[in-house]
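The values are calculated or read from the model by the stated rules, or taken from the named source; none is laboratory data. Keep in mind that this is a model prediction, so the values were computed, not measured. Every residue, glycine among them, receives a Cβ derived from its backbone with ideal geometry; neighbour counts consider all protein chains shown.
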Amino acid sequence: MVVQDMPHGTLPLLYTFHFYLFGIIAIVSALLFVTRKSPVAAALWLVNTMFSLAALYVMLDAQFIGVIQVLVYAGAIMVVFLFVIMLLNLGQGVVGDARGLGWKLIAGAVGVALLAQIFALTRSRTPVNLTLPAGYTAQQVERTGAITPIAGPLFNEYLLAFEVTSVLLLAAIVGAVVLGKQRGEGDAG
């Protein structure tokens, strides 16, 4: 992002407009994702959410995370989701909605409570000892590059969690194949 001679805390109108636009698209897509009865339609709304989040990351000067968002989540993970949906034939027929009105009201109340907490946190002042000095992030990027602050902890402190996540995804795929194969054998007999 090019440093501009603007007072601290102000952003160009076009930037602000697009930030809120992509934010609203992400929220609406996420809501449509959880309210769709068709798993394929839900997966496509999730892809839209992932692209909106990637656009937000790019606008926040985190281009690497934005690209990874598209490649890993909107690309690879969604291909796995669609593969499992097609393998298990979840797209056929309409599954009855097992959630009653009470559960929907509880979910709505939890959502309102979370929004209230987010609103309260965004309006509160951050203590001085928890804030970074002005220009600290730019100095770190100039000194070590943009990828080192992400890759360093990922492959040092969080390597075990990273590898466990990949094994968990592999186990989910194997489980889906086993379930799909058992369903196919039951239909043939």
Residue match in segment 38-58 (condition: farther than 30 Å from Lys181 by Cα and at pLDDT below 85): no
Criterion violated by Ala146 - all others in (1) closer than 26 Å to Ala76 by Cα; (2) in a helix (DSSP H, G or I) satisfied: (2)
Per-region count, segment 145-176, residues within 18 Å of Phe64 (Cβ to Cβ) and either at pLDDT 85 or above or not hydrophobic (A, V, I, L, M, F, W, C) (or both): 7
So Gly180, is it modelled with pLDDT under 80 and in contact with a helix residue (DSSP H, G or I) (Cβ under 6 Å, 6 or more places away or on another chain): yes
Extreme residue, farthest from Thr148 (Cα to Cα), among residues of segment 40-92 that are surrounded by fewer than 16 Cβ atoms within 10 Å (Cβ to Cβ) and small (Gly, Ala, Ser): Gly91
In segment 58-77, the residues that are of a type outside the set (A, V, I, L, M, F, W, C) and in a helix (DSSP H, G or I): Gln63, Gly66, Gln69, Tyr73, Gly75
Members of segment 146-180 that are surrounded by 11 or more Cβ atoms within 10 Å (Cβ to Cβ) and among the small types (Gly, Ala, Ser): Ala146, Ala151, Gly152, Ala172, Gly175, Ala176, Gly180
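Yes/no per residue for (1) among the small types (Gly, Ala, Ser); (2) modelled with pLDDT of 85 or more:
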| residue | (1), (2) |
| --- | --- |
| Gly102 | yes, no |
| Leu105 | no, yes |
| Gly111 | yes, yes |
| Leu114 | no, yes |
| Ala120 | yes, no |
| Thr126 | no, no |
| Leu132 | no, no |
| Ala138 | yes, no |
| Arg143 | no, yes |
Condition met for Ser29 (closer than 30 Å to Gly135 by Cα, among the polar types (S, T, N, Q), touching a Ser or Thr at 6+ places or on another chain (Cβ under 8 Å) and at pLDDT 80 or above): no
Number of the exception - Gly108 against (1) outside any helix (DSSP H, G or I); (2) surrounded by 10 or more Cβ atoms within 10 Å (Cβ to Cβ): (1)
Close pairs from segment 128-142: first not assigned by TED's automatic domain parsing to the domain that holds Gly152, partner surrounded by fewer than 10 Cβ atoms within 10 Å (Cβ to Cβ) and among the hydrophobic types (A, V, I, L, M, F, W, C), Cβ under 9 Å, at least 6 apart: Ala138/Val3
Which numbered condition Asp61 fails, given (1) out of contact with any helix residue (DSSP H, G or I) (no Cβ under 8 Å at 6 or more places or on another chain); (2) at pLDDT below 85; (3) at negative phi: (3)
